[in-house]
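Peer 1: Here it is, the structure in full.
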Amino acid sequence: MKKLTISALLAVFAFAPFYANVPASENPGVVKTVADAIKWKSESINVGNIPQGKPKLIRFEFTNTTSKPIIIENVAPSCGCTTADYTKEPIAPGKKGFVEASYNAAAAGPFMKTVTVTTSDSKTPKTLSFKGVVVS
């Protein structure tokens, strides 16, 4: 029994190098299709100086560059000081949609916030950001 176990282990180790040399997929078109499914007008926005105590609306616009409708499944602001709105209906191929963030400018000073967007074309979330300075 001991010889059988040792023989089996040796066989596994003998064939392991063959599996280690399996080449990666050479199809960058799939990655490019997913990456280009939504073309954002801007993924980062500098809003500059904004007055304290007055909410600021930041709008991120995009175009569906696929051949099928895309649905925004989830939009998650990074903190409670930001709320979000977005295009609720499916965005047809070639059409535009939006994600809006409303930042509550309560505290003076510089800020940088993010909004994470998940769509039907990719389960990998896209992070949009905006920054500025709240002045009193």
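The values are calculated or read from the model by the stated rules, or taken from the named source; none is laboratory data. None of these values were measured; they are calculated from a predicted model. Cβ atoms come from the backbone with ideal geometry, glycine included; neighbour counts cover every protein chain shown.
Conditions (1) within 12 Å of residue 47 (Cβ to Cβ); (2) hydrophobic (A, V, I, L, M, F, W, C), marked per residue:
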| residue | (1), (2) |
| --- | --- |
| 108 | no, yes |
| 111 | yes, yes |
| 114 | no, no |
| 117 | no, yes |
| 127 | no, no |
| 134 | yes, yes |
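Peer 1: Is at least one residue of segment 58-68 modelled with pLDDT under 55, basic (Lys, Arg) and under 19 Å from residue 124 (Cα atoms)?
Peer 2: As a first pass, look at segment 58-68 and keep what is modelled with pLDDT under 55: none.
No, there is no match, as no residue in segment 58-68 is modelled with pLDDT under 55, basic (Lys, Arg) and under 19 Å from residue 124 (Cα atoms).
Peer 1: (1) part of a strand (DSSP E or B); (2) closer than 19 Å to residue 64 by Cα: which one isn't true of residue 93, the others all being true?
Peer 2: (1)
Peer 1: Determine, yes or no, whether residue 123 is surrounded by 16 or more Cβ atoms within 10 Å (Cβ to Cβ) and out of contact with any His (no Cβ under 6 Å at 6 or more places or on another chain).
Peer 2: On the way: surrounded by 16 or more Cβ atoms within 10 Å (Cβ to Cβ): no; out of contact with any His (no Cβ under 6 Å at 6 or more places or on another chain): yes.
For residue 123, the condition - surrounded by 16 or more Cβ atoms within 10 Å (Cβ to Cβ) and out of contact with any His (no Cβ under 6 Å at 6 or more places or on another chain) - is not met.
Peer 1: For residues that are over 27 Å from residue 133 (Cα atoms) and of a type in the set (Asp, Glu), scanning just segment 60-115, find the one that is surrounded by the most Cβ atoms within 10 Å (Cβ to Cβ).
Peer 2: 73
Peer 1: Among the residues of segment 65-81, how many are of a type in the set (A, V, I, L, M, F, W, C), touching a Ser or Thr at 6+ places or on another chain (Cβ under 6 Å) and not in a loop (DSSP other than H, G, I, E, B)?
Peer 2: Within segment 65-81, the first condition is being of a type in the set (A, V, I, L, M, F, W, C), and the residues that meet it are 70-72, 75-76, 79, 81.
This time we only want the ones that are touching a Ser or Thr at 6+ places or on another chain (Cβ under 6 Å), so: 70-72, 76.
Going one step further and asking which of them are not in a loop (DSSP other than H, G, I, E, B), we end up with 70, 72, 76.
Counting residues in segment 65-81 that are of a type in the set (A, V, I, L, M, F, W, C), touching a Ser or Thr at 6+ places or on another chain (Cβ under 6 Å) and not in a loop (DSSP other than H, G, I, E, B) gives 3.
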